[in-house]
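These notes concern the structure reproduced below.
The values are calculated or read from the model by the stated rules, or taken from the named source; none is laboratory data. In this text the structure is predicted, and so the values were computed from the model without any measurement. FYI the Cβ positions are ideal-geometry reconstructions off the backbone, even for glycines, and counts take in every protein chain you see. Areas reflect the complete protein model, heavy atoms only, side chains present, ligands, DNA and RNA absent. Shrake-Rupley method; radii C 1.70, N 1.55, O 1.52, S 1.80 Å.
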Amino acid sequence: MRENEGLKFLKRRGIIETIGICTVIVIWQLVASFIVKKTYLLPSPYEVFFAFYTVREVIPVDIYISLLHFSIGLAAGATVGITIGALMGGFKLIDRAMDPIMEILRAIPPIAWIPFAIIWLKLTHYSAGFVVFVGAIFPILINTYTGFKSVDKIYIDAAKVLGCKKGMSLIKSVVLPYSLPYIAAGTRIGMGIGWMCVVAAEMFGASGRVGLGWRLWNRFYALHMMDKLVAYMIVIGLIALLLDRIFRYLVEEKSLKWRKGLVAV
Amino acid sequence: MEKRVGSGIVKMNHKLELRKVSKRFNTEEGKMEALEGINLEVKPNEFLCVIGPSGCGKTTLLRLIAGLDHPSSGAIILDGKEVKGPSPDRGMVFQEFSLFPWRTVLKNVEFGLEIKGMKEKARRKIAERYIELVGLRGFENCYPYELSGGMKQRVAIARALATDPAILLMDEPFGSVDAQTRNILQEELLEIWKRTKKTILFVTHSVDEAVYLADRVAVMSARPGCLIKCLGIDIPRPRKRTSREVNEFREQLLMLLSLERSKACISV
Ligand SMILES: Nc1ncnc2c1ncn2[C@@H]1O[C@H](COP(=O)(O)OP(=O)(O)OP(=O)(O)O)[C@@H](O)[C@H]1O
Ligand SMILES: [Mg+2]
């Protein structure tokens, strides 16, 4: 039987998805303009759309600053997280010595570090970066550790028979490449948490009067400009989505192609 | 054939000797004797098959020779020097798939040369030669997940050969491929052996495989593994799998093995 033409069109990529999004926006608009009727409680999509227009000049700057904070924190978190994770995964003694400290530190919410971030690093980009660092480091560290711990012995043996003698060359040629998917997965989780931390840290003014979070809280919320606030919420969400997609594309499609056979991507 | 000792050019005078090699494992239930008093001499350029029931310590024996484990007593001597650890002069093809999944076929074969510090161009040339030898030209840039089981083992053989080891240790390399592929791989291996003049120590639990491949078959007993007999197979190659002589050797080996099995049953 031939499929109905209309049905075929519906099944094409993107159509159903677009319908889904449009439906939500329509419902939101109806609820906002006929039931709630107060911008303060629920700005309508229409108002939010215009809010975007009115904040068009500050948005790029805020995005840039927030991404800067995010990058500082993520770079530091990845560097330190991978290093400590690798050391703990590679050396039993270090593992035992560090494990309790890491468990305790991990249990502290990154937000709780904001006071010290401000005291230690003053109102610079680094203090928001520090909060991101705290949020991103642990998933990266733990995943690196897990990757290092779960290397199949057969690969170590194969490498040894092929002439790998020193621990360093084993780590470089076998353990690290084996762990890369773990590290990538940890980094992805760390990025998600890190982005939340950027917004929170900026809300508290950890880096002074800059960033998406700072404006959202200290301008829009403080002045009850809820339409602009929602516009910023959407921007923050979209950036998180975009970062995740870019990362997935760069890492999983490009560098971890070999994993296709091991996991369903 | 070259057999002069001490000539640098000729790479086929390597002699492997096992002297009273025993291996005990410390397990939770106490000590477990895996190998007991193995005496064995492998001649240069020989194709030696080791055959024995499952769990008799064949893998353990190869791991000891490879240097991945140490004997509890006795010594393994290669070219007059005791084996202390792994080295690229003893290549190994493992029982399970051991290709690095993150490397392409080419990069897998290059691995040993890379560790040696060889330049990229030089090692690519060598790797390509061995990939050609195992009949995988055109698959250089595939990842292991894109290969069949038989192809994976061919790559593993190429990888082991690339560092030009004196001895090739093979642990049931064709155990997980189907019968037809297995026959083809056996023929190819004999061809490679003839061309590269390696000493090959080939573990199997298939009597057919042993009789088809080996110059000599070492038969192992059930646990604790010890050598019960070495059987020279002097049928000229190429051998016919169904010829009378082959069948006679097969019968001899089967007899030895079933004797072993009945002994194992009694001792249990
Ligand atoms: N690392 C280890 N620790 C403890 N026991 C071991 C270890 N490795 C092997 N053994 C034991 O030694 C015995 C011989 O094992 P081995 O793997 O050498 O057998 P095999 O002859 O290769 O068997 P198969 O034909 O099934 O591969 C087995 O009983 C096994 O349980
Ligand atoms: Mg085995």
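Restricting the search to region B:183-233, which residues are β-branched (V, I, T) and either more than 16 Å from ligand 2 (Cβ to nearest atom) or over 25 Å from B:E33 (Cβ atoms) (or both)?
B:I184, B:I192, B:T196, B:T199, B:I200, B:V207, B:V211, B:V217, B:I228, B:I233
Listed by first and then second residue, the pairs with beta-carbon distance under 6 Å, at least 6 apart or on different chains, first residue in region B:46-60 and of a type in the set (A, V, I, L, M), second more than 10 Å from ligand 2 (Cβ to nearest atom) and not in a strand (DSSP E or B), are B:I51/B:A210.
Could you list, in sequence order, the residues of region A:220-247 that are among the basic types (K, R) and open to solvent by less than 90 Å² (accessible area, probe 1.4 Å)? First the steps, then the outcome.
So in region A:220-247, the residues among the basic types (K, R) come out as A:228, A:245.
Passing the criteria: only A:K228.
Close contacts from region B:179-208, counting a first residue that is over 26 Å from B:M255 (Cα atoms) and charged (D, E, K, R) and a second that is part of a strand (DSSP E or B) and more than 16 Å from ligand 1 (Cβ to nearest atom), with Cβ to Cβ under 9 Å and a gap of 6+ residues or different chains, come to B:K198/B:F47; B:K198/B:G91; B:K198/B:I167; B:K198/B:L168.
Can you find a residue in region A:192-202 that is over 25 Å from A:E252 (Cβ atoms), more than 10 Å from chain B (Cβ to nearest Cβ) and among the charged types (D, E, K, R)? Outline the logic, then answer.
Applying the first criterion (over 25 Å from A:E252 (Cβ atoms)) to region A:192-202 yields A:199-202.
Among the residues that remain, those that are also more than 10 Å from chain B (Cβ to nearest Cβ) are: A:199-202.
Now restrict to residues that are among the charged types (D, E, K, R): A:202.
Yes, region A:192-202 contains at least one residue that is over 25 Å from A:E252 (Cβ atoms), more than 10 Å from chain B (Cβ to nearest Cβ) and among the charged types (D, E, K, R).
Could you list all residues from region B:59-72 that are open to solvent by 10 Å² or more (accessible area, probe 1.4 Å) and either at pLDDT 95 or above or out of contact with any Pro (no Cβ under 9 Å at 6 or more places or on another chain) (or both)? Please lay out each step first, then the result.
The initial filter retains those residues of region B:59-72 that are open to solvent by 10 Å² or more (accessible area, probe 1.4 Å), namely B:59-60, B:63, B:68-72.
Listed by number, the residues that qualify are B:T59, B:T60, B:R63, B:D69, B:H70, B:P71, B:S72.
Filtering region B:94-122 down to residues that are under 18 Å from B:L62 (Cβ atoms) and aromatic (F, W, Y), which residue is least open to solvent (accessible area, probe 1.4 Å)? That would be B:F94.
For A:A32, state whether it is in a helix (DSSP H, G or I) and either in contact with an Asp or Glu (Cβ under 7 Å, 6 or more places away or on another chain) or without any contact (Cβ under 8 Å) to a residue 40 or more places away in the chain (or both). Taking the combined requirement at face value, the residue satisfies it.
Going through region A:115-137 one residue at a time, which ones are crowded, with 22+ Cβ neighbours inside 10 Å and within 19 Å of the chain's Cα centre (by Cα)? A:S127, A:A128, A:G129, A:F130, A:V131, A:V132, A:F133, A:V134, A:G135, A:A136, A:I137 - these are the residues of region A:115-137 that are crowded, with 22+ Cβ neighbours inside 10 Å and within 19 Å of the chain's Cα centre (by Cα). The residues on offer are B:T59, B:T104, and the sole one that is within 14 Å of another protein chain (Cβ to nearest Cβ), on the phi < 0 side of the Ramachandran plot and more than 16 Å from ligand 1 (Cβ to nearest atom) is B:T104. Of B:G85, B:G91, all but one fail to be open to solvent by 10 Å² or more (accessible area, probe 1.4 Å), within 9 Å of another protein chain (Cβ to nearest Cβ) and either more than 23 Å from B:R137 (Cα to Cα) or at pLDDT below 95 (or both); the exception is B:G85. For first residues located in region A:138-166 and touching a residue at least 12 places away in the same chain (Cβ under 8 Å) and facing chain B (nearest Cβ under 10 Å), partners that are open to solvent by 30 Å² or more (accessible area, probe 1.4 Å) and hydroxyl-bearing (S, T, Y) and lie 6+ apart or on another chain with Cβ distances below 8 Å form the pairs A:D152/A:Y178; A:Y155/A:Y178. Annotation: of all residues in region B:62-79 being of a type in the set (G, A, S) and either within 8 Å of ligand 1 (Cβ to nearest atom) or not in a loop (DSSP other than H, G, I, E, B) (or both), the one that is farthest from the other protein chains (Cβ to nearest Cβ) is B:S73.
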